[in-house]
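Below is one structure, written out as structure tokens; comments come after it.
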Amino acid sequence: MLITCPCCGPRDVAEFTYQGDASRSRPDPASTDQAAWNAYVYDRVNTAGAHREYWQHSGGCRSHLVVLRSTLTHRIDSVRFARDEADGARRRSGSPA
Amino acid sequence: MVEQVSPLGSAWTPGRHGNLAGEAGVVLSETRPGSIVQAAAFPGSEKAVMAAIAAATGLALPDGAGGGVATDTKAVFGIAPGRFLVIDQVEGLADRLKPGIPVETGAVTDLSHGRTAIRIAGPQAEWVLSKLFAIDFALAAFPLGAGRATQHHDVLAAIQRTGPDRFDLYVFRSLARSFWTMLVHAGEEVGCEVR
Ligand SMILES: [Zn+2]
């Protein structure tokens, strides 16, 4: 499997470290909703198909990435810097950078 | 200047190794720079850091990921977004970079004692490096002066092409001896000369 790093270009998957499901959203840190935290920490939908996930190019530029990958075929539809995704999310929510 | 001690120790075995037919396919040597420094920019300060590198070294970085330039005594190349490896045969480069890169602009990290610089040159340099690293070493894909951050298993390496048939590799000093030994083994097939 090759992942095309936005900085480095196509690289072998051995250069990358998987960092988990990127489709989850963390509850408000002030929340004491036990069920919400339990779901955030433990519940996974085990997607068969397009999956949004975090990877780090740990053996290259060390950038954190958001990868859209099919868990059925390993086809990769997009790779973006996680920083840019986070900036976009901040802009959408109107909170300061 | 205090004499540098090579981390290669007894693994540095000058002379010809492996295939003895014809000219050596690769020549391995240490370049022993006095300074190996990482210059990193905060987002938005990339141009300021590139200008500071130019002011301190006279080297003008090209735009674009992995771009770089090298002379006989100095080199610079991109290793990550907004991060550059800067090399000078003369000691003290970190101190020369710091005035142009204040803390609000970026960070200067002196790696001179943490990295070892290994040069592989010769007509089979691309071939031998391709045994170890899963990147394309062809001139069209890896142009002159350009840099790449990659790894051989757990040995992270920053690699710059400093000639049509020549690459300079920067690896962790603590892993330099085993990495060097592996390079010699990889080069034996095509004839490896250690200088
Ligand atoms: Zn990368």
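The values are calculated or read from the model by the stated rules, or taken from the named source; none is laboratory data. This structure is a prediction, so every number in the text was calculated from the model and none was measured. Reconstructed Cβ throughout: ideal geometry from the backbone, glycine too, with neighbour counts over all protein chains shown. Areas reflect the complete protein model, heavy atoms only, side chains present, ligands, DNA and RNA absent. Shrake-Rupley method; radii C 1.70, N 1.55, O 1.52, S 1.80 Å.
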Solvent-accessible area per residue for region B:35-110 (1.4 angstrom probe, square angstrom): 43 Å²
Listed residues B:Met182, A:Met1 arranged by accessible area, highest first, probe 1.4 Å: A:Met1, B:Met182
Delta accessible area of at least 40 Å² on complex formation, residues of region A:37-65, 1.4 Å probe, chain isolated as reference: A:Gly59, A:Cys61
Qualifying aspartates and glutamates (Cα of each under 17 Å from Cα of B:Lys74; at least 8 residues distant if same chain): B:Glu30, B:Asp88, B:Glu91, B:Asp95, B:Asp110, B:Asp168
Dipole-positive endmost among A:Ala35, A:Pro10, A:Thr47 within region A:1-73 (Cβ charges, Cα centre): A:Pro10
Residue-normalised accessible area of chain A, expressed per residue, 1.4 Å probe, Å²: 63 Å²
Nearest-ten-degree value, helix A:82-93 long axis tilted from longest Cα axis of chain A: 40 degrees
Inter-label distance, nm, simple model (7 Å from Cα along the C-beta direction), B:Met182/A:Arg80: 3.6 nm
Percent breakdown of C-alpha pair distances by 10 Å bin, ordered from the shortest bin, for chain B: 9, 37, 35, 15, 3, 0
Label-point gap, in nm, between B:Gln89 and B:Trp127 - each point 7 angstrom along Cα→Cβ: 3.0 nm
The protein assembly as shown - share of DSSP beta bridges that are antiparallel (%, nearest 5): 95 percent
Cross-link reach list, aspartates and glutamates versus B:Lys47, counting only Cα pairs under 13 Å and skipping chain neighbours closer than eight places: B:Asp63
Dipole in debye (nearest 20) - the protein assembly as shown, about Cα centre, beta carbon charges: Lys, Arg +1; Asp, Glu -1: 380 debye
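Roughly how many percent of the accessible protein surface of region A:1-92 is carbon and sulfur, given a 1.4 Å probe and a whole-percent answer?
Exposed carbon and sulfur together represent 50 percent of the surface.
For region B:1-125, with only Lys/Arg (+1) and Asp/Glu (-1) charged at the beta-carbon, what is the dipole magnitude about the Cα centre, in debye rounded to 20?
Around 140 debye, computed over region B:1-125.
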Of B:Val27, B:Pro143, B:Ile87, farthest towards positive along the dipole that unit charges on Lys, Arg, Asp, Glu beta carbons give chain B: B:Ile87
Region B:162-185 versus region A:19-44: alpha-carbon centroid distance in Å: 45 Å
Heavy-atom accessible area, 1.4 Å probe, ligands and nucleic acids excluded: residues of region B:124-158 down by at least 30 Å² from chain alone: B:Ala134, B:Ala149, B:Gln151, B:Leu156
Given charges at Cβ of Lys, Arg, Asp, Glu: the protein assembly as shown dipole, positive-most of B:Ala41, B:Gly58, A:Ser78: A:Ser78
Projected-area average for region B:35-110 over all orientations - Cα convex hull basis, square nanometres: 4.1 nm²
Kirkwood Rh and Cα Rg combined as Rg/Rh, region A:1-58: 1.10
Listing of region B:30-45 residues, each with accessible area lower by at least 30 Å² in the full protein assembly than in the chain alone (probe 1.4 Å): B:Pro43
Order of exposure, largest accessible area first, which applies to A:Cys61, A:Cys7 with probe 1.4 Å: A:Cys7, A:Cys61
Region B:18-132 - percent of accessible surface contributed by carbon and sulfur, probe 1.4 Å: 55 percent
Size of electric dipole in region B:64-195: Cβ of Lys, Arg +1 and of Asp, Glu -1, about Cα centre, debye, nearest 20: 140 debye
Chain pair A, B: total accessible area buried, heavy atoms, 1.4 Å probe, Å²: 1000 Å²
Helix-only [θ]222 nm of the protein assembly as shown, DSSP H runs n ≥ 4, -39500 (n - 2.57) each, per residue, nearest 500: -6000 deg cm²/dmol
